[in-house]
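The values are calculated or read from the model by the stated rules, or taken from the named source; none is laboratory data. Note that this is a predicted model, so its numbers are computed, not measured. Every residue, glycine among them, receives a Cβ derived from its backbone with ideal geometry; neighbour counts consider all protein chains shown.
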Amino acid sequence: MKQIALIAFSMLCISFTMMAQNTVKGTITDEQGQPVPGVNVLEKNTSNGFVSDFDGNYTITVEDNATLVFSYVGFKTQEVSVDNRSNIDITLVADNEQLDEIVVIGYGAVKRDRIATSMASVDGDEIAKQVASNPAEALQGRAAGVQVLSSGGSPGASPQILIRGITTGGLNTAPLIVIDGVLQPNGTSLNAINSQDIKSMDILKDAAATAIYGSRASNGVVLITTKRGESGKTTINFDVNYGVQGWDKIEVADAPEYVQIWNTRRLNDDPNATNLLDPNEFGEGTDWWDEVVEDFAPVINANIRASGGSDKIKYAASVSFFDQQSNYSKGWYQRVTGRFNVDFKISDKINLKQDLSPRVERWENTPNLLFNVLRVDPTIPVFIPQSERVGRNIYSIYALPERNLVSNPVGQLARQFTDNSFFGLFSNTQLDFQINSKLKFTSQLGLNFDAYTWETFNPTFFIGPNRQREINVYEKNVTQSFDYVINNTITYENTFHDKHYLNLLGGVLFDSTNSNFLRASRDGIPSDTNENLWQLNAAVGETIRATGNQSTANILSGVFRTIYSFDNKYTLNASVRVDQSSRFPKDGRTGIFSSASLAWDVDSEDWFKSETINNLRFKVGVGEVGNQNIRIDGQFFSIGSDFSVLGGQAVVSNFLSQAGNEDLKWETVRDKNFGVDLGFLNNALTLSAEYYIKTSEDLLFSVELPNYTGIPGTVDQNVGSFESKGIDIALGYNKQWDDFSLGVNLTLSTGDSKAVELAPGNEIILGLKRETLGNRFVKITELGQTVGLFQGYETAGIFQNQTELNSHTSEDGTIIQPNAQIGDLRYVDQNGDGVLNDDDLTIIGNPFPDFYGGLNVNMQYKKFDMSMQWYGTFGNDVYNANLEYNRSSNQNLNVLAGTADVVWSPTNTGARFPRLTDADPNGNYQNPSDLFIEDGSYLRLRNIQFGYNFDVKGFSRCRLYVSGQNLITITNYTGFDPEVQNQPRGVNIIDALGVDFGRNPVAKTYLIGLNLTL
């Protein structure tokens, strides 16, 4: 009986409970009556929530006396009492005053109108539109003053970010990366983060903004804020896209044309030449492009994310997978990333945040075979005849190019075995203690652990007497790093007397970078084909090599910053940071970096009345930051060892392998910034313009030592001062009319980096030595000139007849080019001494553009949307090193198709390129000259995307889209890709900028994708 009564009582309670529940429906619109999808609808003080669908509809079951909270980015949050209603329609009120936007700054976040420094922001939704392994690619053209230099079309290639020019001569010109407040190690690639996890990227451009990061911020700062959970119903987002990538085929001479070029070169030197080839002997020859390059390479990107929470706990979790194959039969990149964020509200005063981000990357090195594919002899087959393969292994069946020294690229592919694996774990723990309403203490611990393994195997093979490996070799490299950051800051924030806003921050910070590596190799692996035996302990050879090292670098810092605003009219930002770095000798370890900036909001003045201009702000800032981007052991002398054989005995020798510098000190970058921001027509039309001057002092530079020292490599020195100055302009028009919205945003930037002071003995800095050009340098940095200009001989056309040859003399009648013949280049004798030598080398080009920028267009009409991203550089020169071969056939290398039509001949006297010659006594292609300089200006459609939103029951959002990347390139450059930036290991960006060595070009990509929100 008691059990029956208990059951009846329980059912009664449940009935009352159900009766107390109320299902509320409604539609959420904006002030123009348009539905707003994705709005969070939350029952206050619970985790019960819903997200409005594409048509703005929502349905939620709540208590009768509940309060609903409606929140969405860009609109004011509203709270509405249910009061037993079953239908509640909501009109969201826009909160689109940009100055009220909260932006991330160093060690904090404030309203945008409290910032008087130079910064640019890019929304995460814009970044996610670009499907790439590295989200930096999506920055290209979206932020004024920011250059993103492509590293080519190889899978996993990491582009370089350059903020406001070059003011350092070191190897590292990359900005500091800060993820959710944690400073990342130098050289951090943004491959580490999935684009879909990014909420925003804020770029700090001037020293007034970056000074709070001190010695790590001389190249600018990129602040990345990741997406976090929000109160409400769990939302699940799924995004997947699949595409293919391909290169436009580069046509080279087939066998008949190659033979024609071969014969013409020899006949031009000697009309009676006998070492000619029969064009009928080889047929069409081998199309090496078709043999090596794949027409299409797949790329796939998938991401799933779940987020939600309540007032007490919020969470977000995402997992992504990225796979990109190369356009060769070898070479790929795969990445799996995870990001897990939890925000705990422990009490009204204590909040705890914990982020955990593991990632696994694996890749096979993509060969850079393009250079060889275009130069190899087309008259030979890919393989040797079957009858000649007896006794050869699978790596020795490839034909030997007979007429030049370029390796058979198909054989190169077969012999390449290089695998890489990487594991990274990033942890960020942050505790916020709100001491009172005005005072907050924050403690943050950031941990970064990386483990990288690189393995390569070189098998035995025999192609010819000079193309063989008699014993195989296996090599393995293991590198581990552990970095940690400890930030303790205290912030005072208060508004008093309704007009005075004050924000003070002070803190003590510690940053430690620790790494070690071990590299070992051994020959004599028992098998060339059994990969299970490719291990060090399986080798039986006598040659064993091993090396390793361990390093630690620490920075201890103190920071202070003040932000003051009076009556929303006048704003002051000031900061100071003191750094102590272990990279420098004890007497030079301390650096003090300070900044100050002012802003005046003219539109807030009572006397300013304008119906057109609704935002007018002037700002000025000065500051200084440091640079410590040198080798960790740059202050020390090092002893190296080597193994050699002397008198039949193995001998280990020691030598001075590195020169140290005990007088090293901080490189300091001083910055001035002047800007104006304008808003018209209710901020539908915006304009921002800034002028900056950046000057580096005590420039850190790796200087080559004279040969007589006997010490290899370079030594770090403070050699002088660079200055970079330019203008950044951002112009935007963003407006919505009923069902249609339009956004057009243009960025334009200019910049020039000059050497304003060089240390005694280093008045001229030469770079990029070319063995093929007589060991001459093609880059030069001189006092008062733009850094890294191209140097070479100036040409004055091509000799057309014997009279021109005889008249090219000095004042005393000496023939300047005695070895020249009709059809050769005419070089200018700059100093008029009648001798053509290195004294006549002059400036022949500038790799820096006159201006660069991007055009970004976003349109939406009802359920359709479209976006475009254009980027271009204008006025920059490129040194096309490919022309050393592909129009000359020097060393019997193959040439581009149609070469006979563009080189000089008696019937083609207006040609750009000199005559074909085998001996080349005039050095047409063996001297650096403006023959190799081309206009590198280009305009490229980086991304275009079309999307359609459709309704599916159970999903709040369904969107199908197609996208294309790099589909259109407008340029006069004759090389393979006008985005030629390529910085090999050990080469600084000054030497590498604007030089084309025939790297893998950026690929055209076609994609289809699907976005789902549940």
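Here residue 831 passes the criteria (1) out of contact with any helix residue (DSSP H, G or I) (no Cβ under 6 Å at 6 or more places or on another chain); (2) not in a strand (DSSP E or B) except the one numbered (1). Within the range 847-869, does at least one residue satisfy the condition of being assigned to a strand (DSSP E or B) and under 30 Å from residue 379 (Cβ atoms)? Scanning the range 847-869 turns up no residue that is assigned to a strand (DSSP E or B) and under 30 Å from residue 379 (Cβ atoms). When residue 957 is tested against the conditions (1) touching a helix residue (DSSP H, G or I) at 6+ places or on another chain (Cβ under 8 Å); (2) modelled with pLDDT under 90, the lone failure is (1). Residue 491 satisfies every condition listed in (1) farther than 16 Å from residue 185 by Cα; (2) out of contact with any helix residue (DSSP H, G or I) (no Cβ under 7 Å at 6 or more places or on another chain); (3) surrounded by fewer than 18 Cβ atoms within 10 Å (Cβ to Cβ) except (3). Of all residues in the range 121-140, those that are among the hydrophobic types (A, V, I, L, M, F, W, C) and part of a strand (DSSP E or B) total 1. Going through 967, 941, 960 one at a time, which residue ends up being within 24 Å of residue 38 (Cα to Cα), aliphatic (A, V, I, L, M), over 16 Å from the mean Cα position of the chain (by Cα) and surrounded by fewer than 22 Cβ atoms within 10 Å (Cβ to Cβ)? Checking each option against the conditions leaves just 960.
Within the range 395-413, residues that are in contact (Cβ under 8 Å) with a residue 40 or more places away in the chain and of a type in the set (A, V, I, L, M) reach partners that are crowded, with 19+ Cβ neighbours inside 10 Å and assigned to a helix (DSSP H, G or I) with beta carbons closer than 8 Å, at six or more positions or on different chains, in the pairs 406/372; 410/288; 410/292; 413/292. Flag not set for residue 848, criterion: at pLDDT 95 or above and closer than 16 Å to residue 749 by Cα.
Screening the range 166-205 for residues that are at pLDDT below 85 and farther than 24 Å from residue 450 by Cβ and picking the one that is nearest to the chain's Cα centre (by Cα) gives 166. Once the range 252-307 is narrowed to residues that are among the acidic types (Asp, Glu) and assigned to a helix (DSSP H, G or I), the residue that is farthest from residue 228 (Cα to Cα) is 269. Residue 626 is checked against (1) small (Gly, Ala, Ser); (2) at pLDDT 65 or above; (3) more than 22 Å from residue 186 (Cα to Cα) and fails just one. What number does that condition carry? Residue 626 satisfies all of (1) small (Gly, Ala, Ser); (2) at pLDDT 65 or above; (3) more than 22 Å from residue 186 (Cα to Cα) except (3). Within the range 910-925, if we keep just the residues that are within 13 Å of residue 269 (Cα to Cα) and hydrophobic (A, V, I, L, M, F, W, C), the residue that is surrounded by the most Cβ atoms within 10 Å (Cβ to Cβ) turns out to be 916. I want to confirm something. Restricting to the range 93-119 and keeping residues that are at pLDDT 80 or above and polar (S, T, N, Q), which single residue is nearest to residue 221 (Cα to Cα)? Checked the range 93-119; the qualifying residue nearest to residue 221 (Cα to Cα) is 118. The set of residues in the range 141-164 that are in contact with a Phe, Trp or Tyr (Cβ under 7 Å, 6 or more places away or on another chain) and part of a strand (DSSP E or B) contains only 147. Could we say that residue 448 is surrounded by 17 or more Cβ atoms within 10 Å (Cβ to Cβ), in a strand (DSSP E or B), of a type in the set (S, T, N, Q) and modelled with pLDDT under 95 here? The answer is yes for residue 448. Could you tell me whether the range 572-588 includes any residue that is more than 31 Å from the chain's Cα centre (by Cα) and among the acidic types (Asp, Glu)? Scanning the range 572-588, I find at least one residue that is more than 31 Å from the chain's Cα centre (by Cα) and among the acidic types (Asp, Glu), so the answer is yes. Scanning the range 246-268 finds no residues that are closer than 30 Å to residue 428 by Cα, among the acidic types (Asp, Glu) and either free of Cβ contacts under 8 Å to residues at least 60 places away in the same chain or not assigned by TED's automatic domain parsing to the domain that holds residue 136 (or both).
For the range 16-68, the set of residues classified as free of Cβ contacts under 8 Å to residues at least 24 places away in the same chain and over 30 Å from residue 736 (Cβ atoms) consists of 16, 17, 18, 19, 65, listed by residue number.
Within the range 65-82, the set of residues being part of a loop (DSSP other than H, G, I, E, B) and modelled with pLDDT of 85 or more comprises 66, 82.
Filtering the range 778-800 to residues that are touching a residue at least 60 places away in the same chain (Cβ under 8 Å), in contact with a strand residue (DSSP E or B) (Cβ under 7 Å, 6 or more places away or on another chain) and over 19 Å from residue 756 (Cβ atoms) leaves 778, 790, 791, 792, 793, 794, 795, 798.
Residues in the range 870-929 that are aromatic (Phe, Trp, Tyr), within 39 Å of the chain's Cα centre (by Cα) and assigned to a loop (DSSP other than H, G, I, E, B): 925 alone.
For residues that are crowded, with 18+ Cβ neighbours inside 10 Å and of a type in the set (Phe, Trp, Tyr), scanning just the range 298-354, find the one that is farthest from residue 132 (Cα to Cα). Among those that are crowded, with 18+ Cβ neighbours inside 10 Å and of a type in the set (Phe, Trp, Tyr), it is 315. Figure legend. Inter-residue proximity from the range 200-219: first residues surrounded by fewer than 24 Cβ atoms within 10 Å (Cβ to Cβ), second residues among the acidic types (Asp, Glu), beta-carbon distance below 8 Å, spacing 6+ or different chains. Indicated pairs: 200/123.
Looking only at the range 470-481, count every residue that is part of a strand (DSSP E or B) and buried (at least 17 other Cβ atoms within 10 Å of the Cβ) and tell me the total. Residues meeting the conditions: 7. Filtering 144, 132, 128 for residues that are in contact with a strand residue (DSSP E or B) (Cβ under 6 Å, 6 or more places away or on another chain) and more than 26 Å from residue 554 (Cβ to Cβ) leaves a single hit, 144.
Looking only at the range 256-283, residues that are at positive phi and of a type in the set (Lys, Arg) come to 0 in all.
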